[in-house]
Amino acid sequence: MMARFRWTLAILLIVGLQNSLLADDEAQKKRFAQLVKTLSNVKLVGNFTVVGQDQELTEEEYTIKKVEKLPEGDYWKIHARIKYGGRDVELPLDLEIKWAEDTPIITLDKVSIPLLGTFDARVVIINGKYAGTWSHDKVGGHLFGTIQKIEDSEEKDDKDDKDDKDDKDDN
C-alpha cells in the first residue's frame with residue numbers, strides 16, 4: 001500500500017514538473033515573439049546624458065531592422081544602424097538580452113562595437129520606451145527615449161540618405 005502511494009506521488013510530481021516546464025517554454029516563446037515584434041523595423045529615438053557634464057541633452061537614434069534569437073544562451077542578433085558621436089554605422093550586433101520577468105534588458109559587458117568603441121550598458125525595453133545606463137572608456141551616463149515603428153517609405157528615405165553620405169565620402 002505504501003509503495004503504491006509513493007509511486008502515485010512520484011508520477012504526480014513528474015507530470016506536474018512536465019506541465020510546469022511546458023508552461024515555462026510557452027511563456028518564453030511568447031516573450032521572445034513579443035521582443036521580435038517590439039524591436040523589428042523600429043527606431044529608438046531619444047537622448048543621452050554624460051555624468052558630471054552640465055550640458056543640453058544630446059540626441060541619439062538607433063534604427064533596428066530586425067532581431068533574431070541566436071542558438072547560444074541569451075544572445076540575440078540585432079541588425080542596427082547607430083548614429084552616435086558624429087558617426088553613422090550599420091552592422092549586426094550579437095548582444096545578450098536578460099529578462100526581469102517579462103521585461104527584456106539589453107546587456108553589454110565590455111562589448112566592442114566596430115568604429116564606435118567598447119561599451120557597457122543596461123537598457124530596459126518596456127511599453128514602447130527604453131531607458132538605461134551606459135559607459136564608454138572613462139565616461140558614462142543615462143539614455144532614454146521612445147521606440148517608434150518605421151514606415152516603409154521612411155526606411156527607404158533613411159537608406160537613400162546613408163547611400164548619399166557614402167557616395168560623398170567616396171569622392
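I'm checking my understanding of the structure. Among residues of the stretch 121-139 that are open to solvent by 40 Å² or more (accessible area, probe 1.4 Å) and in contact with a His (Cβ under 8 Å, 6 or more places away or on another chain), which one is nearest to V36 (Cα to Cα)?
Ranking the candidates gives A131 first.
Please indicate, with yes or no, whether at least one residue in the stretch 90-105 is outside any loop (DSSP other than H, G, I, E, B), of a type in the set (S, T, N, Q) and in contact with an Asp or Glu (Cβ under 7 Å, 6 or more places away or on another chain).
Scanning the stretch 90-105, I find no residue that is outside any loop (DSSP other than H, G, I, E, B), of a type in the set (S, T, N, Q) and in contact with an Asp or Glu (Cβ under 7 Å, 6 or more places away or on another chain), so the answer is no.
Please go through (1) over 15 Å from I64 (Cβ atoms); (2) modelled with pLDDT of 95 or more; (3) surrounded by fewer than 17 Cβ atoms within 10 Å (Cβ to Cβ) for D161 and return the number of the only condition it doesn't satisfy.
(2)
Which of the residues spanning the stretch 143-153 are loosely packed, with under 14 Cβ neighbours inside 10 Å and at pLDDT 95 or above?
T146, K149
Looking for something open to solvent by less than 60 Å² (accessible area, probe 1.4 Å) and polar (S, T, N, Q) - is there at least one such residue anywhere in the stretch 109-117?
No, there is no match, as no residue in the stretch 109-117 is open to solvent by less than 60 Å² (accessible area, probe 1.4 Å) and polar (S, T, N, Q).
The values are calculated or read from the model by the stated rules, or taken from the named source; none is laboratory data. Everything numeric in this text was worked out from a predicted model, so none of it was measured. Every residue, glycine as well, gets a Cβ built from its backbone with ideal geometry; the counts of neighbours run over all protein chains shown. When the accessible area is computed, the model is the full protein with side chains, heavy atoms only, and any ligands, DNA or RNA have been set aside. Shrake-Rupley method; radii C 1.70, N 1.55, O 1.52, S 1.80 Å.
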